[in-house]
Amino acid sequence: MRDHNVDAKTALRKQLGPDLAVLDLLTEQESAELQVLIDDARATQRKALDASISEVLGRLPRLARGPARKIMFG
């Protein structure tokens, strides 16, 4: 999630790397919009990954779920 005390260009540079010169071409508004799109995409990806993991674990026999979680998540 974005820190609202930091301007959008600074947040993007922190997230994407400081050497991405194309960010200099974006306005503050465009930077903010891009930041929202990135945050939304990551949230969607996180939800899809969680659903996929839950589905896989749900297909395992009940006794295998605990060890499988331990292997996957430490």
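The values are calculated or read from the model by the stated rules, or taken from the named source; none is laboratory data. None of these values were measured; they are calculated from a predicted model. Heads up, the Cβs are rebuilt from the backbone with ideal geometry, glycines too, and the neighbour counts pull from every protein chain shown. Note: accessible area is taken over every heavy atom of the protein model, side chains too, but ligands, DNA and RNA are not part of it. Shrake-Rupley method; radii C 1.70, N 1.55, O 1.52, S 1.80 Å.
Tell me, please, whether a residue that is open to solvent by 60 Å² or more (accessible area, probe 1.4 Å) and hydrophobic (A, V, I, L, M, F, W, C) can be found in segment 9-19. Scanning segment 9-19 turns up at least one residue that is open to solvent by 60 Å² or more (accessible area, probe 1.4 Å) and hydrophobic (A, V, I, L, M, F, W, C).
Residue by residue, here is whether (1) at pLDDT 90 or above; (2) of a type in the set (Gly, Ala, Ser) holds:
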| site | (1), (2) |
| --- | --- |
| ASN5 | no, no |
| LEU12 | no, no |
| LEU25 | yes, no |
| GLN35 | yes, no |
| ASP50 | yes, no |
| SER54 | yes, yes |
| LEU60 | yes, no |
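Of the residues in segment 47-66, at least one is surrounded by 10 or more Cβ atoms within 10 Å (Cβ to Cβ), out of contact with any strand residue (DSSP E or B) (no Cβ under 9 Å at 6 or more places or on another chain), without any contact (Cβ under 8 Å) to a residue 12 or more places away in the chain and acidic (Asp, Glu).
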